[in-house]
Amino acid sequence: MLYNEPSPLETRVLTRRFGMPNSASLDTYLATDGYQAFVKAAAMKPEQIIEEVKVSNLRGRGGAGFPAGMKWSFVPRTSPKPKYIVVNADESEPGTCKDRVLMENDPHQLIEGVLIAGLAVDAHAGYIYIRGEYRYLIEIMDRAIAEAYEKGWLGKNIRGTGFDFDLYTHTGAGAYECGEESALLESLEGKRGIPRIRPPFPAVVGAFQCPTVLNNVETYCAVPAILRDGGAAFAALGVPKAGGTKMTCLTGHVNKPGVYELRLGFPVKQMIEEVGGGIRGGKKLKAFIPGGSSCPVLTAEECEGATMDYDSMAQRKTMLGSGGVIIMDEDTCMVKAALRIMRFYAHESCGWCIPCREGTTWLRKILQRFHDGGGVREDIGLIGDIAKNMLGRTFCPLGDAAAMPTISIVEKFRQEFEDHLHGRPCPYEAAPAAVGV
Amino acid sequence: MTFSPQLEARFDKLLKSYPPGRQRSAMIPMLLYGQDEVGCVSGELIDEVARRVGVTPLQVNEVLSYYSMLHRQPLGKYHVQICTNISCLLHDGDKLWERACRKLGIGHKQVTADGCISLEEVECIGACSWAPAVQVNYDFHHFVKPEELDRLLDSLREKP
Ligand SMILES: Cc1cc2nc3c(=O)[nH]c(=O)nc-3n(C[C@H](O)[C@H](O)[C@H](O)COP(=O)(O)O)c2cc1C
Ligand code: SF4
Ligand code: FES
């Protein structure tokens, strides 16, 4: 099911089957070139598959943007150990709801992507780690997997290629940190989601201590198109060094929030105005988060000339992230936004390392006091100091993810903190009520 | 401990899903699916899952306390989860949360006296583009307006 109208400005590669009758069924999949990329890949050498993915400039869609082909090439193919394919379907980054629509509307595309990754690294089993809240997607994936087994697209000697592959779903049970790759692997092994020290990276020592390819749902979903149409064609859709499209979740104060597939390099202004239908109620843009709440915030001025790709965002000292775009209008209280973001990280910190466990808790408390009107001027500097002291000093990137948006909000919206200093609760709460709700 | 045939089938499948000697991997899924049937992660469920995956009940306890969806105490028949994280907040998810608390007279992780409804303020549930979002057990509700929330809560009360 689709929860928002598509936009004519989309470039539909991963979403090409969305909206077709029974788009999730194997019949529809097969009638629209489904599994043809697998058949093609099965006749190729593994190095050729990896080369094609490298040529496509596909970068990881889970947040970090690591080149997928390169990651696959790190797997020691000839190791005597079994190798595994793991799909990160933990989707918990605030602002992000795209893996959900990919699995819901085209589950076989994900299965085919996983199979091709299996061919590339000589893996014969895979796990889809799905967040516990997405129970209905576990049912959808299980049904698609059962259908694929029935028709010989999974299991032993798949369609006479001699390639065996088994695929399983695995449910999480409520923990943002389990989206972090090494914590996910711990969780998959039936443990608390405490991250592992790296190196070794999962490509060498991953699931069950064996070499493992671990990618985001959207990353695997791009693979069938790459093999079918060629890596070069996929690369050409995007920008230099980053090929293809990005599933983009427009959230917050736009008229037409929704998930849209946009080519990489899509202009931010056009995305807000034309895809998103502009800011709700004719208001002005105040702040923009490109890819989930872990990314530094941009001001409206910084969005001038920006495009939705890794380099444009890096130039502005933020990140493309997961594709969870958060749009805030002129009436938004940035102290409240910073507080809500920090409450999330304090809640989700796994508690393993002190700078993150203590830092997020202290920041939550200070921001709460500030928003309630009990802040003092020194707190403004203190918030920035604590956050900066966390940066780069935590065991996994969750600490940075908590610190980065906070630092950017304090630096770019300092005046709003000053406005909260007069011993009264939030001065922005009295702003005209938001339209709609 | 006995479970429904469907759950037994699910457990069997899970125990065969992981490499030999790695049955512990099935623990968290078994606890969550088990909780859905039993109503909570009861002591009995812990012992049973521990036995089947080959660890001690203490090891199960250690793991389950990490995961926010696993509950030692029963929740309401309908567990209403309201997201107030950033994308929902921008659509007044916090006000929706307060409204539900007021209407039901209960707070975070509390259950109504009749055991019908429990409330939880949750972190992002992956419905950010269709905010504000609410989940009742595993069902998503998108673009939830205040009056719709009222109607939703009333309808839960009337459901058999
Ligand atoms: C705290 C934290 C949470 C994360 N959550 C997710 C997630 O929900 N989904 C995801 O795909 N990647 C998530 N990641 C990124 C993964 O660690 C990993 O980089 C990614 O799954 C690799 O796949 P990709 O290269 O295809 O993006 C998270 C990282 C961190 C540090
Ligand atoms: S940074 Fe936070 S989430 Fe990561 S290991 Fe440390 S405490 Fe855990
Ligand atoms: S922020 Fe509410 S569903 Fe994502």
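The values are calculated or read from the model by the stated rules, or taken from the named source; none is laboratory data. Everything quoted here is computed from the prediction, not taken from an experiment. Please note: Cβ atoms are built from the backbone with ideal geometry, for glycine as well, and neighbour counts cover all protein chains shown. Just so you know, the surface numbers come from the protein's heavy atoms only, side chains and all, with ligands and any DNA or RNA stripped out. Shrake-Rupley method; radii C 1.70, N 1.55, O 1.52, S 1.80 Å.
I need the helices (runs of 4 or more DSSP H) fully contained in the range A:321-437, keeping only those with at least 1 residues that are open to solvent by less than 70 Å² (accessible area, probe 1.4 Å) and modelled with pLDDT of 95 or more.
Working: elements: A:334-348, A:354-371, A:377-390, A:398-412, A:414-419.
Of the helices (runs of 4 or more DSSP H) lying wholly inside the range A:321-437, those with at least 1 residues that are open to solvent by less than 70 Å² (accessible area, probe 1.4 Å) and modelled with pLDDT of 95 or more span A:334-348, A:354-371, A:377-390, A:398-412.
Tally time: how many residues in the range A:61-83 are open to solvent by 20 Å² or more (accessible area, probe 1.4 Å) and within 25 Å of A:Y176 (Cα to Cα)? Before the answer, list the steps.
Taking the range A:61-83 and keeping what is open to solvent by 20 Å² or more (accessible area, probe 1.4 Å), we get A:62-64, A:66-67, A:70-71, A:73-74, A:76-82.
Now restrict to residues that are within 25 Å of A:Y176 (Cα to Cα): A:62-64, A:66-67, A:71.
Going through the range A:61-83 one residue at a time, the tally reaches 6.
Please return the ranges of strands (runs of 3 or more DSSP E) entirely within the range B:68-143 where 2 or more residues are away from ligand 1 (no atom under 16 Å from the Cβ), crowded, with 22+ Cβ neighbours inside 10 Å and within 19 Å of the chain's Cα centre (by Cα). It would help to see each step written out before you state the result.
On the way: elements: B:78-83, B:117-122, B:134-136, B:139-141.
Per the criteria, B:78-83, B:117-122.
Inspect the range A:355-368 for any residue being touching an Asp or Glu at 6+ places or on another chain (Cβ under 6 Å), more than 14 Å from every other protein chain (Cβ to nearest Cβ) and more than 16 Å from ligand 3 (Cβ to nearest atom) and give the result as yes or no.
Our first condition is that a residue be touching an Asp or Glu at 6+ places or on another chain (Cβ under 6 Å); within the range A:355-368, this holds for A:366.
Still in the list and also more than 14 Å from every other protein chain (Cβ to nearest Cβ): A:366.
Among the residues that remain, those that are also more than 16 Å from ligand 3 (Cβ to nearest atom) are: A:366.
Checked the range A:355-368: at least one residue is touching an Asp or Glu at 6+ places or on another chain (Cβ under 6 Å), more than 14 Å from every other protein chain (Cβ to nearest Cβ) and more than 16 Å from ligand 3 (Cβ to nearest atom).
Need the failing condition index for A:K81 against (1) within 16 Å of ligand 1 (Cβ to nearest atom); (2) within 14 Å of chain B (Cβ to nearest Cβ), just the number.
Here A:K81 meets the rest and fails (1).
With (1) within 18 Å of the chain's Cα centre (by Cα); (2) free of Cβ contacts under 8 Å to residues at least 40 places away in the same chain as the list, and A:G324 as the residue in question, which single condition is left unmet?
Every condition holds for A:G324 apart from (2).
Cβ-Cβ distance below 8 Å, separation of 6 or more or different chains: which pairs start in the range B:26-46 with a residue that is over 16 Å from B:Y138 (Cβ atoms) and within 11 Å of another protein chain (Cβ to nearest Cβ) and end on one that is assigned to a helix (DSSP H, G or I) and of a type outside the set (A, V, I, L, M)?
B:A26/B:F11; B:A26/B:R52; B:I28/A:S187; B:M30/B:F11; B:M30/B:R52; B:V41/B:G34; B:V41/B:Q35
Which condition breaks for A:A64 when tested against (1) among the hydrophobic types (A, V, I, L, M, F, W, C); (2) assigned to a helix (DSSP H, G or I); (3) within 16 Å of ligand 2 (Cβ to nearest atom)?
If we test A:A64 against (1) among the hydrophobic types (A, V, I, L, M, F, W, C); (2) assigned to a helix (DSSP H, G or I); (3) within 16 Å of ligand 2 (Cβ to nearest atom), just (2) comes out false.
Determine which member of the set A:A338, A:A346 is more than 16 Å from ligand 2 (Cβ to nearest atom) and in the same structural domain as A:H420 (by TED's automatic domain parsing). Before the answer, list the steps.
On the way: A:A346 fails: more than 16 Å from ligand 2 (Cβ to nearest atom).
The conditions single out A:A338.
Of the residues B:L156, B:L149, which is more than 7 Å from every other protein chain (Cβ to nearest Cβ), more than 16 Å from ligand 2 (Cβ to nearest atom) and either more than 25 Å from B:L70 (Cβ to Cβ) or basic (K, R) (or both)? If you could, list the steps in order and put the result at the bottom.
Working: B:L156 fails: either more than 25 Å from B:L70 (Cβ to Cβ) or basic (K, R) (or both).
Matching residue, one of B:L156, B:L149: B:L149.
Could you say whether any residue in the range A:90-109 is away from chain B (no Cβ under 14 Å) and surrounded by fewer than 16 Cβ atoms within 10 Å (Cβ to Cβ)?
Within the range A:90-109 (the criterion being away from chain B (no Cβ under 14 Å) and surrounded by fewer than 16 Cβ atoms within 10 Å (Cβ to Cβ)), the answer is no, since none of the residues qualifies.
Restricted to the range A:147-202, and to residues that are of a type in the set (F, W, Y) and more than 16 Å from ligand 2 (Cβ to nearest atom), which residue is farthest from B:L32 (Cα to Cα)? So that I can check it myself, show each step before the final result.
Taking the range A:147-202 as the starting set, the residues that turn out to be of a type in the set (F, W, Y) are A:149, A:153, A:163, A:165, A:168, A:176, A:201.
Next cut, more than 16 Å from ligand 2 (Cβ to nearest atom) only: A:149, A:153, A:163, A:165, A:168, A:201.
Details: A:Y149: 26, A:W153: 29, A:F163: 33, A:F165: 27, A:Y168: 17, A:F201: 29 Å.
Only one residue fits best here, namely A:F163.
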